[in-house]
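Engineer: Right, I'll just put the structure down here and ask away after.
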Amino acid sequence: RVQGDWGSVPTMSAPLSLLLLCISAHACSGLVVPLTGPKPAVSLDGISLCRVSDGKQVNLGPALEPAKGKTLLVLGTHPADFNMIEYSQRVRTFWPQLKEKGVDRCMMVVNGEAPAINKLKELLDIPDEIELLADPTGETGRKFGVSRGFRPNDTSLPPALKLFLMATGLAFDWTLPSVILGYVGNPGGKREWIEAALQQGQLAGRWPAPLTLADDGAVLANQFDTTPLVGGWGVRPFELATLRLQNLIGVQFTHKDALKYSDARCLTQLGGCTIVGAGGGPLFSW
């Protein structure tokens, strides 16, 4: 186990507090999208994807027009992408709460082949209730309107270079603030999903291991709870960064071949989600 002595954290000055607030606001400023345009059922009608659990085809048009209840559709990225991994971990954690709120179906589109998606499901212990749909070309996300990343139509730039420019913040100005928050923490953030993902990773043998677990796997202690001065924050400094390191080493690097994308366009394509109610009316889109 890693004992994780992160050292003392100085009291934040007012300017530093303001800087963190600005970073948080900037990182979240692009998350709200007006519900305009056609219903998701109309935009995605005619797209049929393979459900990896049973091999059956799912036509997204009818699936997004439920007779009753609410349906969540997640437009993911490719299986080895950290966005896909973290979104899966969030859905895994919050699925019981979503059901309590009336969401009775969740479909998650992953831009990869069925074997890679099954590997992701195995690694992250994604519940069987979450319907994983294979979209090797990423066409569903593009029809929904997700960002295609940096200069998607520029064939003169290798996809790996585009990804590097996005990851370093040279192409997307909100990348670095999102990364920085993983290190500096977020007083008003939610850590429930982070601890649940760390717990699942430790039980699977992944490192780092900042939690103390009982024989039955229950969390007895979290090293971040004792972080000086900021132990009561929603997300403590380095807490999310530790999960990302665990994912990077234990999932992305260790299983890079099994999780590899099959279409280069998916390397930089981002994701989104929508929740529809009875009849397909959108309740939320991102």
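Engineer: Go through the residues of the range 102-121 one by one and say whether even a single one is under 22 Å from Thr254 (Cα atoms), open to solvent by 20 Å² or more (accessible area, probe 1.4 Å) and part of a loop (DSSP other than H, G, I, E, B). Lay out the reasoning, then the answer.
Structural biologist: Kept after step one, since they are under 22 Å from Thr254 (Cα atoms), are these residues of the range 102-121: 110-121.
Those still in the list that are open to solvent by 20 Å² or more (accessible area, probe 1.4 Å) too: 113-115, 118-119, 121.
Going one step further and asking which of them are part of a loop (DSSP other than H, G, I, E, B), we end up with 113.
Yes - at least one qualifying residue is present in the range 102-121.
Engineer: Just to verify a result, which residue in the range 197-245, among those that are β-branched (Val, Ile, Thr) and closer than 21 Å to Phe94 by Cβ, is surrounded by the fewest Cβ atoms within 10 Å (Cβ to Cβ)? Break it down into steps so the answer makes sense when it comes.
Structural biologist: Keep residues of the range 197-245 that are β-branched (Val, Ile, Thr), which gives 212, 219, 226-227, 230, 235, 242.
Checking the rest, the ones that are also closer than 21 Å to Phe94 by Cβ come to 219, 235, 242.
Working: Val219: 14, Val235: 21, Thr242: 24.
Within the range 197-245, the match that is surrounded by the fewest Cβ atoms within 10 Å (Cβ to Cβ) is Val219.
Engineer: Follow-up. Would you mind finding the one in Gly145, Gly76, Gly149, Gly138 that is surrounded by 15 or more Cβ atoms within 10 Å (Cβ to Cβ), closer than 28 Å to Gly169 by Cβ and either β-branched (Val, Ile, Thr) or touching a strand residue (DSSP E or B) at 6+ places or on another chain (Cβ under 8 Å) (or both)? Walk me through how you get there before you give the answer.
Structural biologist: On the way: Gly145 fails: surrounded by 15 or more Cβ atoms within 10 Å (Cβ to Cβ); Gly149 fails: either β-branched (Val, Ile, Thr) or touching a strand residue (DSSP E or B) at 6+ places or on another chain (Cβ under 8 Å) (or both); Gly138 fails: either β-branched (Val, Ile, Thr) or touching a strand residue (DSSP E or B) at 6+ places or on another chain (Cβ under 8 Å) (or both).
One residue alone meets the criteria, Gly76.
Engineer: Considering only residues that are touching a Ser or Thr at 6+ places or on another chain (Cβ under 8 Å), charged (D, E, K, R) and within 26 Å of Glu113 (Cβ to Cβ), which ones fall in the range 224-269?
Structural biologist: Asp263, Arg265
Engineer: So, of the residues in the range 57-73 that are in contact (Cβ under 8 Å) with a residue 24 or more places away in the chain and either among the charged types (D, E, K, R) or more than 12 Å from Pro40 (Cβ to Cβ) (or both), which turns out to be surrounded by the fewest Cβ atoms within 10 Å (Cβ to Cβ)? First the steps, then the outcome.
Structural biologist: Just the residues of the range 57-73 that are in contact (Cβ under 8 Å) with a residue 24 or more places away in the chain, to begin with: 58, 60, 63-73.
The next check asks that each one be either among the charged types (D, E, K, R) or more than 12 Å from Pro40 (Cβ to Cβ) (or both); those that pass are 58, 65, 67-70.
Working: Val58: 16, Glu65: 19, Ala67: 6, Lys68: 9, Gly69: 13, Lys70: 19.
Among those that are in contact (Cβ under 8 Å) with a residue 24 or more places away in the chain and either among the charged types (D, E, K, R) or more than 12 Å from Pro40 (Cβ to Cβ) (or both), it is Ala67.
Engineer: Among the numbered criteria (1) modelled with pLDDT of 95 or more; (2) more than 28 Å from Lys190 (Cβ to Cβ); (3) touching a Ser or Thr at 6+ places or on another chain (Cβ under 8 Å), which single criterion is violated by Gly37?
Structural biologist: Status for Gly37: all satisfied but (1).
Engineer: Then there is this: For the range 222-269, give me each residue that is outside any helix (DSSP H, G or I), free of Cβ contacts under 8 Å to residues at least 60 places away in the same chain and closer than 20 Å to Ile194 by Cα. It would help to see each step written out before you state the result.
Structural biologist: First, pick out the residues of the range 222-269 that are outside any helix (DSSP H, G or I): 222, 227-238, 254-263, 268-269.
Okay, now just the ones that are also free of Cβ contacts under 8 Å to residues at least 60 places away in the same chain, so 222, 231-236, 254, 257.
Hits for the range 222-269 are Asn222, Gly231, Gly232, Trp233, Gly234, Val235, Arg236.
Engineer: What's the total number of residues in the range 83-101 that are of a type in the set (A, V, I, L, M, F, W, C) and either over 18 Å from Lys190 (Cβ atoms) or surrounded by 21 or more Cβ atoms within 10 Å (Cβ to Cβ) (or both)? Full working, then the answer.
Structural biologist: Here is the first cut: in the range 83-101, the residues of a type in the set (A, V, I, L, M, F, W, C) are 84-85, 91, 94-95, 98.
Applying the additional criterion that residues be either over 18 Å from Lys190 (Cβ atoms) or surrounded by 21 or more Cβ atoms within 10 Å (Cβ to Cβ) (or both) yields 84-85, 91.
The total comes to 3.
Engineer: Tell me which residues, restricted to the range 164-196, are assigned to a helix (DSSP H, G or I), free of Cβ contacts under 8 Å to residues at least 12 places away in the same chain and open to solvent by 40 Å² or more (accessible area, probe 1.4 Å). Please lay out each step first, then the result.
Structural biologist: As a first pass, look at the range 164-196 and keep what is assigned to a helix (DSSP H, G or I): 164-167, 175-184, 192-196.
The next check asks that each one be free of Cβ contacts under 8 Å to residues at least 12 places away in the same chain; those that pass are 164, 167, 175-176, 179.
The answer is Phe164, Ala167, Leu176, Val179.
The values are calculated or read from the model by the stated rules, or taken from the named source; none is laboratory data. Being a predicted model, the structure only gives us computed values, none of them experimental. Cβ atoms come from the backbone with ideal geometry, glycine included; neighbour counts cover every protein chain shown. Ligands, DNA and RNA are stripped out before the accessible areas are found, and what is left, the full protein with its side chains, is counted by its heavy atoms. Shrake-Rupley method; radii C 1.70, N 1.55, O 1.52, S 1.80 Å.
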